[in-house]
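The values are calculated or read from the model by the stated rules, or taken from the named source; none is laboratory data. Remember, predicted model here, so these are calculated numbers, not experimental data. When we count neighbours, we look across all protein chains shown, and the Cβ atoms used for this are built from the backbone with ideal geometry, even at glycine.
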């Protein structure tokens, strides 16, 4: 059997990634651009490179509020190695936490195809999209935020996408969806929705949505694990909320009741 991979060639004293010698990439190409190379098979142009760096930076951390940070810090407090604590945080990323980019990008890419095929306007597409989701008992991910009423990261990312000429159908449809929401209830685009729209306009597969979140957030989790390990006492009390027991009352084992 031959294991085929088009990513990196490894030979004695020789490493080639996507056709480039790694020693040539080192110190010459920023990390975000190397990630672009790994996925796309080519180096990004200057516009794409700036956008990639901005996307990854926008996901780097969100304080101690997310489950991934909770998991990292709680596990770090048990005295485990740093990779174990960070891995615990990564394992907390799923469809509910960190999954909105993927879900939103999938929906946007599907409906932009419909829009082009049917020659619909952005407004009509947004309206039909939301009605379709509502009738199916689903919601549009990437809108609204439990803390922010206007996500500051979204504004910056969209402004940069405009500046760099990256804005396309997916970003425009996202803004039309936001306007459609505003007719009944304000649900501004959050950072996940913004990233989903931008990576879609950059031609990335929606299945890479979680990858963009993980790439940025991993740095934040490392920082939280290290801070917990160096600033706090082991096994400190981090869950202070009251717990109300609602299980069965004490039983008599001898009577089996």
Open item on the list: Within the range 8-27, does at least one residue satisfy the condition of being outside the structural domain of residue 172 (by TED's automatic domain parsing), assigned to a loop (DSSP other than H, G, I, E, B) and surrounded by 17 or more Cβ atoms within 10 Å (Cβ to Cβ)?
Closed with: yes
- [ ] Using the structure shown, decide if residue 253 is more than 24 Å from residue 123 (Cβ to Cβ) and buried (at least 18 other Cβ atoms within 10 Å of the Cβ).
- [x] no
Task: Lone unmet requirement of (1) at negative phi; (2) crowded, with 16+ Cβ neighbours inside 10 Å for residue 123 - done: (2)
- [ ] Considering only the range 162-171, state which residues are part of a helix (DSSP H, G or I) and within 20 Å of the chain's Cα centre (by Cα).
- [x] 170, 171
TODO: Can you give me the number of residues within the range 199-232 that are more than 15 Å from residue 85 (Cα to Cα) and outside any helix (DSSP H, G or I)?
DONE: 4
Task: Total residues in the range 60-111, condition within 12 Å of the chain's Cα centre (by Cα), free of Cβ contacts under 8 Å to residues at least 40 places away in the same chain and within 30 Å of residue 123 (Cα to Cα) - done: 3
Open item on the list: So residue 127 ticks every box in (1) modelled with pLDDT of 95 or more; (2) under 30 Å from residue 45 (Cβ atoms); (3) part of a helix (DSSP H, G or I); (4) touching a helix residue (DSSP H, G or I) at 6+ places or on another chain (Cβ under 8 Å) but one. Which box is left unticked?
Closed with: (2)
TODO: Return the residue satisfying two criteria in turn: it lies in the range 41-65 and is under 20 Å from residue 228 (Cβ atoms) and touching a helix residue (DSSP H, G or I) at 6+ places or on another chain (Cβ under 8 Å), and of such residues it is surrounded by the fewest Cβ atoms within 10 Å (Cβ to Cβ).
DONE: 63
Open item on the list: So, residue 134, is that one in a loop (DSSP other than H, G, I, E, B) and either without any contact (Cβ under 8 Å) to a residue 12 or more places away in the chain or not assigned by TED's automatic domain parsing to the domain that holds residue 74 (or both) or not?
Closed with: no
